[in-house]
Amino acid sequence: MRFYVTDNDGLSSSMFAPEKLRELWGNIEVAGSIEVHTSTLAEELKKVANGGRFDALVLDVQGAELKVLQGAGPVLKQFRWVLDELSDAVVYQGACSRSEVEAFLAAEGFHVKQDFLKISKPGVGNEWDVLFER
């Protein structure tokens, strides 16, 4: 899979090509891209958890939040909290929206506990950190 690396020390890098990243956050450009292998959250937790449980899941995956949550499978049921960086702007091509993630997590028994507006640009959109609770 192609992974787009940004020129801000990679902080805005994503599996999705930027769409309105610059309009929302300023002078950020793609510096290059690399090929990466991906796996699901369930697969990765199986490797490292040693049967342990986690209460909280923190996601900041530049538009791939819904893909990560869908890839969690039954593991998602162990979490009480999910903290997610979400946007209603099309920051990355093909990225999920806040409303899509909210609907998915609602179906899994979560509700929005609190949100923190990070940035808002008229005509572009908003980005939040959203705390979900089961």
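Scan K77, K67, K20 and give me the residue that is among the charged types (D, E, K, R), within 21 Å of W128 (Cα to Cα) and touching a Gly at 6+ places or on another chain (Cβ under 9 Å).
Every option except K20 fails the conditions.
Under the condition of being surrounded by 13 or more Cβ atoms within 10 Å (Cβ to Cβ) and either part of a helix (DSSP H, G or I) or among the polar types (S, T, N, Q) (or both), which residue from the stretch 44-63 is farthest from the chain's Cα centre (by Cα)?
Within the stretch 44-63, the match that is farthest from the chain's Cα centre (by Cα) is K46.
Tell me which residues, restricted to the stretch 76-103, are farther than 18 Å from S12 by Cα, within 13 Å of the chain's Cα centre (by Cα) and not β-branched (V, I, T).
Result: S99, E100, E102.
Is there any pair with a first residue in the stretch 80-96 that is within 24 Å of F54 (Cα to Cα) and a second that is of a type in the set (G, A, S) whose Cβ atoms are under 6 Å apart and which are 6 or more apart or on different chains, and what are they?
Listed by first residue and then by second, the contacts come to W81/A56.
So for the stretch 121-133 (the condition being of a type in the set (A, V, I, L, M) and in a helix (DSSP H, G or I)), does at least one residue qualify?
no
Any read-out appearing in this document is the output of simple, stated calculations on the displayed coordinates, not a laboratory observation. Note that this is a predicted model, so its numbers are computed, not measured. Glycine also receives a Cβ, built like all others from the backbone with ideal geometry; neighbour counts cover every protein chain displayed.
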